Structures are given as structure tokens and as C-alpha cells.
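To start, the structure itself, in C-alpha cells.
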Amino acid sequence: MRSYSLKAVIFQDAEKKYMVKKTKEIHRFLSYISLMTVNLDKTGLKSIINDIDLLFIDIWGVLHNGIKLYKESINVLDKLEQSKKEYILLTNAPRPNNTVINFLKNLGLDQSKCKKVSTSGEVALKYLKSKYKALKFFHVGPPRDFDLFKSFEEFKVNNLDESDFIICTGLYDNFSENLDYYKNLLKNKIDKKMVCTNPDLVVDRGSNREFCAGSVAKIFEDLGGDVEYFGKPYPLIYTQSADIKNKNILCIGDNLNTDIKGANVQNFKSLFIMNGIHKNENNIDELKVASAELLGKKLITPQTGIDGKEVKRIYVEESSEISKEFYLSCIVDRATSKIAFISSDQGGMDIEEVAKNNPEKIITTRIDFNVKSKWKISTRVD
């Protein structure tokens, strides 16, 4: 299904400078957006809206930043209504619809638009009432999320050991940056199932980044626990929020792991808003500046010698979390004219320092071919 990209939600605006990243640049960083991406910087949403029957529009990061509404985005909602386009404001808020509606009203969103809200908390609530009825639960999350289980709060227990399952709506303190507390809290409780009502890992409230329920759920999973998720990118939130049969659907959102992934899983079209939660990640403009500082410059390393080498090409890859770094290279050994593999379990970023200070940690394996085309391998520590 086709994907689109846009720096801010606009309906039709060729004058304002909402620049969009080019297709190749997006794919270089966003590995799972593997389908064709169309640039909407000049034409805006209007250029594709005629073919769309239903829009799922993310709220946090698209309509507001947790503190104030985005005027341009609200204007888009107005124009969608003028075009008689059906849309749902779909959010991974871990609270019932009414709680989020009241929040949006306080921000200044019109009542008519608030009626279109659908939350992951509402989806989870329906499921909890049907599948976990009369079971005791332990709540991990802030007091503002108590509305989620108001109708069955008599089954809430304060002792984790006494619970039948865990409801996770977030952190007790959203401003805490230490997740170790939850690791210690849950490490011996993986026999219990966790229900996570917000799969998001983080959210930006204004300029402050906060952890979400998904971060706690991930810790629980890493410990070996079983988590049941509600919200994007999981299917139930789409099917319970609207009739999606035989409709051409567009999902608009700023989170690759929830909004865009959910669209891909459902085979919906997607519009990625690039100045949301990922705006400070994989920044093309920053990459261009950093590249300009390297390209054409002379790089001096132990391999280049004192004269150095001109940097003519830079390779970029998506960043990833590294548990342990190893070093492995394949070269042609000039001294023996043989293929050689050089390896080390001490990592690769500072391999020169390893060679200098701990040469015994570097293993060279040379491969030879005899006349019978059989491998002859010799290994030694250089």
C-alpha cells in the first residue's frame, strides 16, 4: 500500500514552507517503509484526498503536542468536513474516550470534532470487561488513568502478589527517567499477564519527552512476561473504531512504530508526519551538515598514514541498540596474497587502540587454496 510523507499536516498550501524529505532519504532511515513514498510538499493532502473514503488521524503529535493545538492541523479537519470526508481521531491514549474528549475540549477543540475520538483505552476497556471480569488486577500507571477501570475498581488490589493480572497505563511518575524501578518491581512476577493500554514507548509533551506504558511493557516482555497490547499498531483499535470494510483508508500519524506500522499491517495507505516524535531522529538536514563537514576533508588514521586520505564517500545506516560489539573484516593479505579474516571480540569502533594496547585480542585467519581446490585455513594471533 502506498505511503506518503509530510512535515506538517496541510490540506493545500504551496506557499508555506513545509518541506518534505525525498523518497530515497526516507527509505535510507526508515527500513520498514519499504513501499513507494510520494512527496506531498507542494500539493498537500488535497492531492490525494479524493480517493480516500476514511481517515484515521493520530492526535498527539499531529493535532497537538500535549500543551497546545496545532492550528494548521485543525484547519485540515475543517476542510475534511467541508469535503464531507469521514475521519476518526485515533489515539493510543490509555484512557476512555470521554476522558480524552474532555482534555481536547480544554485545549480548545470544537465539540463536533471531539465526537470523532477513539482511544486505545476504550478498546482495552471493552476487552477487560468481557475477558477479565471479576478478576483482581494491579495497576501500574498514574492516578489520572483511574477512569479506565472506574466501573470495576473494586477488583483493584494494592499488592502485586494478590493480583490475577496487571494493567499498565504508564509510569507512576511520567517525569521520571529511571525505568529500573519497574524492572525490579516486575522481575519476579512474569507468571502474571500484563494488559498494556498504550503501546507507545515515549511521547513529547511540549519540549519534554516522557515514557509511556509501552516502555514498561517492553521491560516486562524482556523479563519473559506475556503482554497483551491494545492500540496502534494492533488491529482491534481499527475494527472497533469504524467500519473499514471495502474502504480506501489513509492513516495519518507521526509515530513509525504505531501509526505507520499499523497502517502497513492493515494494508492501509499512510501519511507520515515528520516533525512529530521522530523529528530529532534521522534528521536529513543534520545529516547533510555533518556530511559536508567530512566530504572532501582529509582523514588521518593509522591505516592512512600521516598523509591521510580524502573522504569521497559516506555510507549511512539506520542506528540500532548494541548489546555487544565485535569486529570482523575480510581483506587480501598483501604479504601472502591470501584472503584473511581479522576478528576481535573487543569491538570495532576503536580497533586501532585494541591493536596497539591488546594485540593478542585480534585474531587473523588466513585462507589458502591448494591445487585440489580444498580450503586450507591457518589461524594466528597477530
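The values are calculated or read from the model by the stated rules, or taken from the named source; none is laboratory data. These figures come from a predicted structure and were not determined experimentally. As a convention, Cβ positions derive from the backbone with ideal geometry for all residues, glycine included, and neighbour counts pool all protein chains shown.
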- Task: State yes or no: is Tyr182 surrounded by 17 or more Cβ atoms within 10 Å (Cβ to Cβ), under 28 Å from Leu55 (Cβ atoms) and among the hydroxyl-bearing types (Ser, Thr, Tyr)?
- Result: no
Filtering the range 194-224 down to residues that are under 24 Å from Val265 (Cα atoms) and part of a loop (DSSP other than H, G, I, E, B) yields Thr197, Asn198, Pro199, Asp200, Leu201, Cys212
The condition from (1) among the aromatic types (Phe, Trp, Tyr); (2) in a strand (DSSP E or B); (3) over 23 Å from Ile49 (Cβ atoms) that Tyr234 misses is numbered (2)
task = Please tell me if Val203 is over 16 Å from Leu55 (Cβ atoms) and touching a helix residue (DSSP H, G or I) at 6+ places or on another chain (Cβ under 7 Å).
result = no
Counting only residues in the range 293-302 that are farther than 24 Å from Glu353 by Cα and surrounded by fewer than 11 Cβ atoms within 10 Å (Cβ to Cβ), the one modelled with the lowest pLDDT is identified as Glu293
Filter pass, Ala263 being buried (at least 16 other Cβ atoms within 10 Å of the Cβ) and in the same structural domain as Lys126 (by TED's automatic domain parsing):
no
- Quick check: anything in the range 157-178 assigned to a helix (DSSP H, G or I), loosely packed, with under 14 Cβ neighbours inside 10 Å and at pLDDT below 95? no
Filter the range 260-292 for residues that are β-branched (Val, Ile, Thr) and at pLDDT below 80; the one that is farthest from Glu353 (Cα to Cα) is Ile284
- Query: Quick check: is even one residue across the range 203-216 free of Cβ contacts under 8 Å to residues at least 12 places away in the same chain and either more than 18 Å from Leu125 (Cβ to Cβ) or surrounded by 13 or more Cβ atoms within 10 Å (Cβ to Cβ) (or both)?
  - Reply: yes
Of the residues in the range 140-153, those that are farther than 16 Å from Ser130 by Cα and in a helix (DSSP H, G or I) come to Pro143, Arg144, Asp145, Phe146, Asp147
#### Entry: Residue check for Ile252: surrounded by 15 or more Cβ atoms within 10 Å (Cβ to Cβ), touching a strand residue (DSSP E or B) at 6+ places or on another chain (Cβ under 6 Å) and at pLDDT 90 or above
yes
When the range 303-332 is checked residue by residue, the ones that are under 21 Å from Ile363 (Cβ atoms), surrounded by 11 or more Cβ atoms within 10 Å (Cβ to Cβ) and modelled with pLDDT under 80 are none
